[in-house]
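The values are calculated or read from the model by the stated rules, or taken from the named source; none is laboratory data. From a predicted model like this one, the values you see are computed outputs, not experimental measurements. With ideal geometry, Cβ positions are generated from the backbone for all residues, glycine too; neighbour counts draw on all protein chains shown.
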Amino acid sequence: NPPAPPGKLPLVGHLHQIPKGKLIQHLLAVARQHPGGIFKMTFGPRESLFIYSADLVAELSDETRFRKMPGPGLKQVRAFAGDGLFTAFTEEENWGKAHRILMPAFSQRAMRGYFDMILEVVDELVEKWSGPAGKGDIHVSDDMTRLTLDSIAIAGFDHRFHSFQKEQLDPFLEAMGSALGEAMQRLTRLRIQQRFAGKELKQFEADIAMMNDLVDGIIAERRKTPADTNDLLNLMLTAVDAETGEALDDVNIRYQVLTFLIAGHETTSGLLTFAFYLLLRHPHVLAQAYAEADRVLPGDTRPEYRHLAKMDVIERVLKEAQRLWPTAPAYSVAPYEDTIIGGRYALKKDVPVNVISPALHRDPAVWENPEEFDIDRWLPEAERGRNPHAYKPFGSGARACIGRQFAITEAKLAMAVILQKFAISDPHFYRLAIKETLTIKPDEFFMRIRPRSPHE
Ligand code: HEM
């Protein structure tokens, strides 16, 4: 039987031990106290299993035995993302259909086409930071969110939020953040508490209505005025699945649009925010990153797609940031049949178990000094022979992130241009505090910037 933390109470189980809004951090803390790579915890009436050793995760990654099974968290998100790619059950027909239709739009080749769209938004960031806003504190995750939301909206739907020209984050973002936060809160609420959460329910419904309005507007507009672009929306409106001969239906397209807006920006903005935080904590790595930006983009060189392949330091910074703080910090799978893992833990058919990525990424059997930020772990000689299942920032198998190339393209380009143009600093001596929605990101992290002089 897997171990469980002490202090379980009748009815609530372990719920009373979880600080509000800090579920993932609590799970990571409990994982540190249970070195076997597995524990169970009780949330009200529900028992959940958490797994984080590379050996056990290697078993869970065997796609003949396991597949993604949306757990309680994603089931809540289905209230607005339905059977979109991210929240679909693997067996749902729409998953396969949408996966086959959309895969080519996320190939390495397709990234060339998105590069200029992302650069357009990076230019807006540079313009903002070069003006009065650049003289004060920069709220890092807010500006990274402006960048990633605007980029996916252009690549996805040729929609321009122009977030950098606005003081407040777009109301769409407020609604989405609030809906995701509520979906998470529901996980740690008892049924009886849920019954009294009328205000929260009303807000949840209002937030969903707001998001649907925006998305329905975008789709209606495109139907009215077809555009000759290569964006995801055109593909979804016109492509036919080769296997079934069918197109995606309108409701599903709405779910996919919302899915890309959600999945396509929170995680990438969190990644960039953690990466800047970690760079500021490790000046010798920051110096390497500046040097690389100057080598690949000397002076005012305008970035081109081919430059990305030369950004080895920045790529390793991003990989290591995602090891310590994977911004999509958990995913769940279930076995097709009753089974046993690790030679002794019995799992039930179709019942989801959870992989906690930040704990997996610290498995001491794989990672030396796991708490240390060390980008040299990602040198080819250091990677050789490492258990490939010790690192899952983008999930696993057929249900892994479809947007990973997009995310990496975007993060590399943004980081390189920022380091080319600006010197960053942390005059407030930020202490890491993590904000959890469905994703994680540094909370209230401000940095300062100034234009780099030619001799730095
Ligand atoms: C799936 C992480 C960026 C779209 C996933 C999963 C993870 C993940 C862990 C699997 C979830 C599970 O197994 O339940 C990330 C991270 C990102 C990122 C860390 C950035 C650093 C993006 C971007 C897009 C995107 C930019 C879209 C442009 C999706 C979609 C799925 C997915 C649609 C569902 C795929 C499927 O099941 O068919 N992502 N993601 N993600 N991601 Fe990402």
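Filtering ILE408, ILE402 for residues that are in contact (Cβ under 8 Å) with a residue 40 or more places away in the chain, part of a loop (DSSP other than H, G, I, E, B), over 14 Å from TYR277 (Cα atoms) and under 23 Å from the mean Cα position of the chain (by Cα) leaves a single hit, ILE402. Within the range 1-9, identify whether any single residue is more than 16 Å from the ligand (Cβ to nearest atom), among the hydrophobic types (A, V, I, L, M, F, W, C) and closer than 24 Å to GLU436 by Cα, and answer yes or no. Checked against the condition, which is being more than 16 Å from the ligand (Cβ to nearest atom), among the hydrophobic types (A, V, I, L, M, F, W, C) and closer than 24 Å to GLU436 by Cα, the range 1-9 yields at least one hit. Under the condition of being among the hydrophobic types (A, V, I, L, M, F, W, C) and more than 16 Å from the ligand (Cβ to nearest atom), the residues counted in the range 328-346 number 3. When ALA153, ALA88 are checked against the criterion of being aliphatic (A, V, I, L, M), buried (at least 17 other Cβ atoms within 10 Å of the Cβ) and more than 19 Å from THR268 (Cα to Cα), a single residue qualifies: ALA88. Across the range 422-443, what is the total count of residues that are of a type outside the set (Ser, Thr, Tyr), part of a loop (DSSP other than H, G, I, E, B) and over 24 Å from TYR290 (Cβ atoms)? Selection size over the range 422-443: 4. Can you spot a residue in the range 25-42 that is assigned to a loop (DSSP other than H, G, I, E, B) and closer than 18 Å to LEU190 by Cα? No, the range 25-42 contains no residue that is assigned to a loop (DSSP other than H, G, I, E, B) and closer than 18 Å to LEU190 by Cα.
Residue check: ALA328 meets all listed conditions (1) of a type in the set (A, V, I, L, M, F, W, C); (2) in a loop (DSSP other than H, G, I, E, B); (3) over 30 Å from ALA105 (Cβ atoms) but one, namely (3). Residue selection: THR145 satisfies the criterion of being buried (at least 23 other Cβ atoms within 10 Å of the Cβ), of a type outside the set (A, V, I, L, M) and in a helix (DSSP H, G or I).
Being outside any helix (DSSP H, G or I) and either at pLDDT below 95 or within 10 Å of the ligand (Cβ to nearest atom) (or both): is that true of LYS392 here? In short, yes. In the range 47-77, the qualifying residues are those that are in contact with a Pro (Cβ under 7 Å, 6 or more places away or on another chain) and either of a type in the set (D, E, K, R) or more than 24 Å from GLY7 (Cα to Cα) (or both), and the one that is modelled with the lowest pLDDT is GLY71. Within the range 372-382, the set of residues being in contact (Cβ under 8 Å) with a residue 24 or more places away in the chain and either of a type in the set (Asp, Glu) or within 12 Å of the ligand (Cβ to nearest atom) (or both) comprises ASP374, ASP376.
For the range 351-362, enumerate the residues that are in a loop (DSSP other than H, G, I, E, B) and either more than 21 Å from the chain's Cα centre (by Cα) or within 16 Å of the ligand (Cβ to nearest atom) (or both).
VAL351, PRO352, HIS361
GLU167 meets all of the listed conditions (1) in a loop (DSSP other than H, G, I, E, B); (2) buried (at least 19 other Cβ atoms within 10 Å of the Cβ) but one, namely (2).
Of the helices (runs of 4 or more DSSP H) contained entirely in the range 203-304, those carrying at least 3 residues that are under 26 Å from PHE394 (Cα atoms), at pLDDT 90 or above and more than 15 Å from the ligand (Cβ to nearest atom) fall at 266-281, 283-296. If you go through the range 71-92 and pick out every residue that is over 14 Å from ALA179 (Cα atoms) and of a type in the set (Val, Ile, Thr), you end up with 2. Taken across the range 82-99, residues that are in contact with a helix residue (DSSP H, G or I) (Cβ under 8 Å, 6 or more places away or on another chain), over 24 Å from ILE253 (Cα atoms) and in a helix (DSSP H, G or I) do not occur at all. So, GLU182, is that one away from the ligand (no atom under 13 Å from the Cβ), within 23 Å of ASP443 (Cα to Cα), surrounded by fewer than 20 Cβ atoms within 10 Å (Cβ to Cβ) and of a type in the set (Asp, Glu) or not? In short, no. Candidates ALA4, ALA58: the one that is touching a helix residue (DSSP H, G or I) at 6+ places or on another chain (Cβ under 6 Å) and surrounded by fewer than 18 Cβ atoms within 10 Å (Cβ to Cβ) is ALA58.
Looking at this structure, is GLY385 surrounded by fewer than 19 Cβ atoms within 10 Å (Cβ to Cβ), of a type outside the set (Val, Ile, Thr) and within 16 Å of the ligand (Cβ to nearest atom)? Answer is no for this residue. For residues that are out of contact with any Gly (no Cβ under 8 Å at 6 or more places or on another chain) and touching a residue at least 24 places away in the same chain (Cβ under 8 Å), scanning just the range 229-239, find the one that is surrounded by the most Cβ atoms within 10 Å (Cβ to Cβ). Result: MET236.
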